[in-house]
Structure formats: structure tokens, C-alpha cells
Amino acid sequence: MKPSLLQAINDRLRAARHILVVTHVGPDGDAIGSLLGLGGLLWDQGKAATLACEDPVPESYRFLAGSELVVQQAGNQPDLLVSVDCSDRDRMGESFAALEGIPLINIDHHVTNTMFGDVNWVEPSCASTTQMLLELAEGLGWQLRPPVADCLLCGLVTDTRSFRTANVDGETIGAAQRLLAAGASLSRVARQALDLRSLGSVRLWGEAVNALQLRDGVLWTRVTRAMRQRWSVEDRETSGLSNFLSGVREARIVAVFTEVDNGDVDVSLRAQPGVDVAQVALRLGGGGHALASGLTMKGDLDEVEKRVLAELHRSLAQQEARHG
């Protein structure tokens with residue numbers, strides 16, 4: 001991190017009287033870990049900070065300290081907005097993206113980030129946004145309490161699938177070691193965030209697996225509202241299914257289409273090494289990484305599925321043609 005950027009972020013945080021920290025809709029472990037981790041760090045410095053996400057905190061991450069304090073709507077007008085783990089402004093959700101005239105610090109690790117902030121700190125080389133926040137805390141001399149360290153470790157663990165993704169390097173492992181030294185519990189975080197799920201969600205996964213389709217290297221399935229209602233599964237409780245399906249040998253790309261309660265369709269994309277799904281996600285209004293991206297679209301599930309699959313098949317054919 002450049003010293004000038006560290007200074008710019010520090011100056012704005014110190015000057016702000018009320019900070020609003022926002023993460024993206026359909027939050028994953030890095031989103032919630034970043035939100036709660038930065039919130040905890042700011043509170044420890046005596047700052048007034050509100051933590052917000054337009055969608056509820058998923059059950060898998062409610063074990064993290066401060067999760068019960070996350071709000072879904074902005075209250076008092078902040079004088080500084082900090083976006084964490086959002087690749088573009090719209091990912092903050094309609095109500096927060098619409099906030100105008102408030103200085104914005106954009107902290108993110110997605111290669112597709114659109115640099116939408118007044119101050120932009122984007123590090124695609126980092127395995128998670130929480131890894132960046134650890135660097136921020138260390139650069140500013142902030143102490144890490146164990147509950148905050150757990151939040152930051154959650155982002156690393158979930159975004160790297162327990163340190164198994166291709167972007168894990170010595171810096172990633174070093175960050176995890178420092179978080180463990182600060183009191184984080186790897187066994188607790190990994191079990192709560194990755195392993196535990198309700199019986200209903202497991203049964204829903206079974207139904208989705210039975211509906212799998214594979215064509216020309218693209219494997220896909222859907223999770224409908226009716227399926228979630230049948231098994232009493234929340235909107236965002238299906239996370240992890242695309243990671244599980246990415247282990248199918250015949251699949252070059254995996255897509256999971258999920259109907260959510262507000263009428264949108266969430267699309268989770270995964271790719272095998274050597275294939276890039278980030279550009280398809282970006283073209284369709286989403287973003288992410290080459291091997292793991294996502295997007296949200298309005299419309300009928302059949303129509304969204306048809307459009308996204310066409311883009312995926314076209315992109316995969318082009319990539320395979322370029323690489324012989």
C-alpha cells in the first residue's frame with residue numbers, strides 16, 4: 001500500500017464524525033468479514049460508525065461479533081461513506097448507491113472494480129478485502145482484538161475456500177498467521193462459515209444437483225423460490241453450491257441461478273483455471289474474479305438463464321479458440 005494512499009484514507013477517517021460502512025448485496029464471507037472487521041476497528045478508535053448491507057447477514061456469518069448491529073437502511077446522514085468488497089457503486093444496493101454528495105472511500109480486491117470512489121484502494125493481488133483491512137490496521141498501528149481478527153480471517157477463509165484457490169500465496173498465508181497470532185480461531189471460523197448448514201439447505205442442494213445440466217463445458221442448475229419455500233431456506237442460504245459444483249471434472253464453467261424474494265435472479269459463476277468468467281459478469285452488470293464471479297439481474301428466471309448461458313458459451317468458445 002502506497003504511503004500516500006494510507007495517509008489519504010487515514011486523514012478522511014480521522015476527520016469524519018459519522019462513518020457509514022457498506023458492503024455489497026448478496027453478501028458473502030468476505031463482504032460480512034470486511035464490514036464487521038472494519039466496523040470493529042473503527043469503534044476501537046472511538047469513531048462513530050454504522051455498518052450496513054441492503055440484504056440481511058446470512059446465517060453462516062451471524063457468529064461474527066457485531067453481526068446483529070448491521071442495518072439495511074441508512075439512518076443519520078453520514079459525512080463519510082466507505083465501501084468494502086464492492087466492485088462497483090451499484091453493488092452497494094439501490095438505497096446506498098443513491099447517496100450523493102458524500103465523500104466515498106472504495107476498498108476492494110476485485111479486478112473488475114470500476115474505481116467509483118473519491119479515494120480508491122483496489123488490490124486485485126490480495127486474496128480478500130479483509131486481507132487489505134489487516135494491512136490498513138497494521139499501517140495505522142491499530143491493535144486487533146480476537147473478535148475483529150475472526151472477522152478478517154472469515155474473509156480470507158471463505159474467499160480462498162480454506163486457502164485452496166490459485167491466488168493463495170505467501171502473503172495470504174502470512175496474513176492468516178498474523179490473524180491467528182491476534183487471537184482468531186481458524187477451526188471455529190472455517191466450521192461456522194463453510195461447513196455448517198441447515199438440513200433444509202442440504203436437501204435443497206440435493207434437488208439442485210438432480211436438476212444439473214451440462215452442455216459444451218458449461219454446467220448449470222437453478223434454485224427457485226418454490227424450492228427454497230419447500231425446504232424453508234433463506235434467500236442467501238444457498239451460497240457454497242457453486243463452489244461445490246466447481247469440482248465436477250467435466251465442467252469448465254459452473255453457473256447457479258437463484259431466484260430471490262425481491263424478484264431478482266442471483267447468478268454465481270465459477271471457472272476452472274485457464275477460463276475467465278469475470279468479463280461475462282462485468283458485461284452483465286456484475287463483477288468478481290477470473291475464477292469466481294457473480295451478478296444480479298432483474299427478470300424472469302428462464303430469460304435470465306437463457307441470456308447468461310448464451311454469454312457463457314460464447315465466451316468459453318472464444319477463450320478456447322484463442323488458446324488452441
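The values are calculated or read from the model by the stated rules, or taken from the named source; none is laboratory data. All figures in this text were calculated on a predicted structure; none of them were measured in a lab. Because the Cβ atoms are built from the backbone with ideal geometry, glycine has one as well, and the counts that use them run over all protein chains shown.
Key figures
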item	result
Filtered residues of the stretch 185-214 (kept if over 17 Å from Pro58 (Cβ atoms), assigned by TED's automatic domain parsing to the domain that holds Glu59 and aliphatic (A, V, I, L, M))	Leu186
Restricting the stretch 310-324 to residues that are over 25 Å from the mean Cα position of the chain (by Cα) and of a type outside the set (A, V, I, L, M), the residue that is farthest from Leu291 (Cα to Cα)	Gly324
In the stretch 141-176, the residues that are assigned to a helix (DSSP H, G or I), touching a helix residue (DSSP H, G or I) at 6+ places or on another chain (Cβ under 9 Å) and of a type in the set (Val, Ile, Thr)	Val148, Val157, Thr158, Thr172
Out of Met115, Met92, Met132, sole residue that is outside the structural domain of Gly288 (by TED's automatic domain parsing) and surrounded by fewer than 16 Cβ atoms within 10 Å (Cβ to Cβ)	Met115
Qualifying position, being crowded, with 19+ Cβ neighbours inside 10 Å and out of contact with any helix residue (DSSP H, G or I) (no Cβ under 6 Å at 6 or more places or on another chain), among Leu99, Leu104	Leu104
Flag if Leu312 is out of contact with any Asp or Glu (no Cβ under 7 Å at 6 or more places or on another chain), surrounded by 20 or more Cβ atoms within 10 Å (Cβ to Cβ) and more than 22 Å from Val25 (Cα to Cα)	yes
Unique residue being of a type in the set (Asp, Glu), touching a residue at least 12 places away in the same chain (Cβ under 8 Å) and more than 21 Å from Gly285 (Cβ to Cβ) when the list is Asp90, Asp79, Asp28	Asp79
Test: residue in the stretch 6-15 that is closer than 26 Å to Gly288 by Cα, touching a helix residue (DSSP H, G or I) at 6+ places or on another chain (Cβ under 7 Å) and surrounded by 21 or more Cβ atoms within 10 Å (Cβ to Cβ)	no
Set Ala127, Ala97, Ala166: member being modelled with pLDDT under 95, hydrophobic (A, V, I, L, M, F, W, C) and closer than 24 Å to Ser246 by Cα	Ala166
Qualifying residue in the stretch 268-277 (condition: of a type in the set (Lys, Arg) and surrounded by fewer than 17 Cβ atoms within 10 Å (Cβ to Cβ))	no
Qualifying residue in the stretch 85-92 (condition: closer than 17 Å to Gly26 by Cβ and of a type in the set (A, V, I, L, M))	yes
Qualifying strands (runs of 3 or more DSSP E) (wholly inside the stretch 215-309; at least 3 residues being among the small types (Gly, Ala, Ser), closer than 21 Å to Ala166 by Cα and within 15 Å of the chain's Cα centre (by Cα))	292-298
Checklist (1) at pLDDT 95 or above; (2) basic (Lys, Arg); (3) closer than 23 Å to Asp90 by Cβ applied to Arg252, failing item	(3)
So Ala193, is it buried (at least 17 other Cβ atoms within 10 Å of the Cβ), touching a residue at least 60 places away in the same chain (Cβ under 8 Å), assigned to a helix (DSSP H, G or I) and of a type outside the set (Lys, Arg)	yes
Pairs with Cβ under 7 Å, 6+ apart, first in the stretch 1-23 and closer than 17 Å to Val122 by Cβ, second of a type in the set (D, E, K, R) and surrounded by 15 or more Cβ atoms within 10 Å (Cβ to Cβ)	Met1/Glu135; Thr23/Asp85
Qualifying position, being within 25 Å of Ala127 (Cβ to Cβ), assigned by TED's automatic domain parsing to the domain that holds Leu144 and at pLDDT 95 or above, among Leu80, Leu36, Leu69	Leu36
Residue in the stretch 209-253 that is farthest from Arg314 (Cα to Cα), counting only those that are acidic (Asp, Glu) and surrounded by 13 or more Cβ atoms within 10 Å (Cβ to Cβ)	Glu234
Filter result (part of a helix (DSSP H, G or I) and either in contact (Cβ under 8 Å) with a residue 24 or more places away in the chain or over 30 Å from Gly37 (Cβ atoms) (or both)) within the stretch 196-214	Leu199, Gly200, Ser201, Arg203, Leu204, Trp205, Gly206, Glu207, Ala208, Val209, Asn210
